[in-house]
Amino acid sequence: MGESLGVWVFIEVNDKKIEGVSLELLGAGRQLADKLNVPLAGVLLGDGVKNLASDVIYYGADIVYVVDDPVLKLYRTEAYMKAVISLAEKYKSEIFLYGATPNGKDLASAVATDLSTGLTADTTMLDVDLDKRLLEASRPAFGGNIMATILCKKHRPQMATVRPKVMQALDPDHGRQGKIIEEELHLREEDMRTRVLRIVKEVTKTANLSEADVIVAGGKGMGDPQGFQLIHDLAETIGASVAGTRDAVEAGWLPHELQIGQTGETVTPKLYFAIGISGAIQHVVGMKNSELIIAINKDPNAPIFDVATYGIVGDAHEVIPKLIQQFKELSKEKGGELSYA
Amino acid sequence: MHIIVCVKQVPDTKIIKINPKTNTLDRRSAPAILNPYDAHAVQEAVKIKQLTGGTVSVLSMGPPQAVSIIKKSIEIGADKGYLISDRAFAGADTLATSYALSKALERISEEQKIDMVICGKHAIDGDTGQVGPGIARRLDMPPVTNVIEVTEVKTEERKINLKRKQLGGYEEIEAQLPCLLTVEKEVNEIEYAPMPNMIKAARYEPVVWTVDDLGEVDRSQLGLKGSPTVVGKMFTPPRRAGGKKLEGTIDEQVKELTGLLREKQDLFRFNVNS
């Protein structure tokens, strides 16, 4: 274990652009590396991605390991795993972070198996125990009512996938210097057992959700589909996007794409209405970074009030119609818009 | 075509309660169910079998009570069920779980070669999604995770076409058989179980194996011993500097709220539709 050095971040690239979560992880990784007094490295794989290496440094890395190979043009487990394993075996790291995206999770699971090491999924908090040089990777557990800190005591690297939008990226420092190390692997296309035939971009409701400025989300407290209709009514009144909790999705009131939380989407709108939502951690991790949170719940002790900027204690079925009416009245005063910014 | 589905018995997390004093899970409070994603995995295997012919087997690791989810899988249409159950498996994290399951899969493949393994995207009690890809590595099969559609199974060519969920859309993938898939719920709708399946399930007794039945196994890679990760501590998350609960009647609160929102007019812009 003595030779294990450095904090690594897998840099996910799609459409020649670094994913936001990778930049966030460089920010989080920088803090861990500083505490441990070790270098921070980015692992950059792809075809024609070399030019992105300087960005990885600007966002906090000291070293960038680059494998540029036509076989790595599009993500495939087998090709990416081979590249990561060969780097991990040659250079060693003590902590290795991946974004909890479909590709990041897929890759990390495969790499952890081959390296016989521990992997914590969907982490939302990261820290280190300096004495033991242990990564403390915390995540919501058991459907999301408590947090569990997962440790990997004896195996290296300690690996974790981290939820997008919970860590903070640094502002890029364009004067920052670092080392770029290129490796050649000579991967062969004929060794690959999968082919990506086509990539289809869907401007789904999910995409709209992550861009939305205002989201109205409903939970179990809405009671039934008729009750949940009030969520749609309020959203329509103020031009917001509709979302909901796992319970609302499981009850069939809402498609899965519109679920906010640990097993759904993470959103950071400017305004988030949490209505009839108790505030289980499972849900809260997906919305707590919203700028302004309004909670409406009839239980004054509901944990959602701990994350809310403003809370109304009351029955959503009574509050929402009044809220809609009030918005409409205000908008009349201002000629159709509540805000005249 | 021999398709094996890995299934897990999980507490229904929708219903489960946490003991507020000890912060631990009150497992008795929740009924044990077939992991919902795994139900879709079984359904997909049955759908593929209807096209290609062959056998659908299910495999689970768990306590003896996990027989109930194998029966559930038989109801959906699986032909055969295997349960590996042994104290030696207890306390396994994802790495040790994928090891134990892959050993059982190797044993099953000695009886009948495996063409495809299907797993649910993740189990709702752990939410990790790491076991499926782990099994794929151990059996040296190409994994395709987050599958939302099985488009075509080309038995002659030994290939399968799939749609895989991706950031901002999906990708179409062609994979060689044998391969391992993990499926999202969108992949299919669970169909009502036909009566003959129900009758078969009620009487069905799966093959139950202990560690000793699995052939050559490195016991140090099983259960708690074989698990590199441990739970350090459990805690309720740090509370955010609490918000402001508004006061007064509902009408007063609603008025105050809209007033407060107007003050934040630099933040966002409503277009109120009347």
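The values are calculated or read from the model by the stated rules, or taken from the named source; none is laboratory data. Please read all numbers here as calculations on a predicted model, not as lab measurements. Note that we place each Cβ from the backbone using ideal geometry, even for glycine, and neighbour counts take in every protein chain shown. Heads up: the accessible areas ignore ligands, DNA and RNA and are worked out on the full protein's heavy atoms, side chains in. Shrake-Rupley method; radii C 1.70, N 1.55, O 1.52, S 1.80 Å.
Largest mean-square fluctuation among A:ALA302, A:ALA41, A:ALA79, in a Gaussian network model of chain A whose springs join Cα atoms under 10 Å apart, belongs to A:ALA302.
In the elastic network of chain A, a GNM with C-alpha springs shorter than 10 Å, the most mobile of A:LEU230, A:LEU23, A:LEU40 is A:LEU230.
Give A:LYS105/B:LYS185; A:LYS73/A:LYS165; A:LYS73/B:LYS165; A:LYS165/A:LYS201; A:LYS270/B:LYS8 a once-over and call out the pairs whose C-alpha atoms are over 28 Å from each other. Long pairs (Cα-Cα over 28 Å): A:LYS270/B:LYS8. With the Kirkwood sum run over all distinct C-alpha pairs, the range B:2-221 has a hydrodynamic radius of 17.7 Å. Only aspartates and glutamates eight or more places from A:LYS153 in sequence, or on another chain, were considered; those with a Cα closer than 17 Å are A:GLU3, A:GLU94, A:ASP127, A:ASP129, A:ASP131, A:GLU136, B:ASP93.
Which longest uninterrupted range of chain A lacks any trypsin sites (Lys or Arg not before Pro) assigned by DSSP to a loop state (not H, G, I, E or B) and surrounded by at most 11 other Cβ atoms within 10 Å?
With trypsin sites (Lys or Arg not before Pro) excluded where exposed in loops, chain A gives A:189-341 as its longest stretch.
Restricting the calculation to Cα atoms, every distinct pair contributes to the Kirkwood radius of chain A, found to be 21.7 Å. Put B:SER109, A:SER331 in order of accessible area, highest first, and with a 1.4 Å probe you get B:SER109, A:SER331. Can you give the translational diffusion coefficient of the range A:102-152 in µm²/s, computed by Stokes-Einstein from the Kirkwood radius over Cα pairs at 20 °C and 1.002 mPa s? In µm²/s, the coefficient is 179.
A 1.4 Å probe run over the protein chains yields, for the protein assembly as shown, 42 Å² of accessible area per residue, whole-number rounding.
How high is the relative contact order of chain A, in percent, with contacts defined as C-alpha pairs under 8 Å that are six or more residues apart?
Answer for chain A is 14 percent.
Nonpolar atom fraction for the range A:205-333, defined as the carbon and sulfur part of the 1.4 Å probe accessible area, stands at 45 percent.
Only protein heavy atoms count here; under a 1.4 Å probe, A:ASP55 has an accessible surface of about 50 Å². Sorted largest first, the spans of the alpha carbon positions of the range A:7-191 along the three principal axes are 44, 40, 28 Å. Using a 1.4 Å probe over protein heavy atoms, the accessible area lost on pairing A with B, summed over both chains, comes to approximately 8300 Å². Distant-in-sequence amide contacts of B:VAL5, defined by a placed amide H-H separation under 5 Å and a gap of 5 or more residues or a different chain, comprise B:SER57, B:VAL58, B:LEU59, B:ILE118. Computed over the range A:65-112, the range of Cα coordinates on each principal axis works out to 28, 22, 14 Å, biggest value leading.
Look at the alpha carbon pairs under 8 Å that are at least 6 residues apart: their mean separation over the length of chain B gives a relative contact order of 22 percent. Projected onto their three principal axes, the Cα atoms of the protein assembly as shown cover extents of 76, 68, 48 Å, largest first. Considering only B:ILE250, B:ILE76, B:ILE114, the mean-square fluctuation computed in a Gaussian network model of chain B, springs between alpha carbons under 10 angstrom, is largest for B:ILE250. Straight-line cross-link partners of A:LYS50 among the aspartates and glutamates, defined as a Cα under 19 Å from its Cα and at least 8 positions apart when in the same chain: A:GLU12, A:ASP15, A:GLU19, A:ASP62, A:ASP68, A:ASP69, A:ASP173, A:GLU182, A:GLU183, A:GLU184. For the range B:86-168, the fraction of C-alpha pairs more than 19 angstrom apart is 47%. Counting protein heavy atoms only, chain B has 49 percent of its accessible area on carbon and sulfur, 1.4 angstrom probe. Once all protein chains are placed together, B:LEU224 keeps about 120 Å² accessible to a 1.4 angstrom probe. Over all other residues within a Cβ to Cβ distance under 15 Å of A:LYS50, the charged ones net out to -3, with Lys and Arg as +1 and Asp and Glu as -1.
Straight-line reach from B:LYS154: taking Cα to Cα under 14 Å and skipping same-chain neighbours fewer than 8 places apart, the aspartates and glutamates in range are B:ASP115, B:GLU174. Considering protein heavy atoms only and a 1.4 Å probe radius, which residues within the range A:47-82 exhibit an accessible-area decrease of no less than 10 Å² in the full assembly relative to the chain by itself? Those are A:TYR75, A:THR77, A:GLU78, A:MET81, which lose 10 Å² or more relative to the chain on its own. Between the helical axis of A:225-238 and the longest alpha-carbon principal axis of chain A there is an angle of about 80 degrees.
Accessible area ranking (1.4 Å probe, heavy atoms, ligands and nucleic acids excluded), largest first, for B:ASP251, B:ASP38: B:ASP251, B:ASP38. Ordered by solvent-accessible area of protein heavy atoms (1.4 Å probe), largest first, the residues A:GLU19, A:GLU250 come out as A:GLU250, A:GLU19. Rg then Dmax, both in Å and based on the Cα atoms of the range A:235-341: 14.2, 42.
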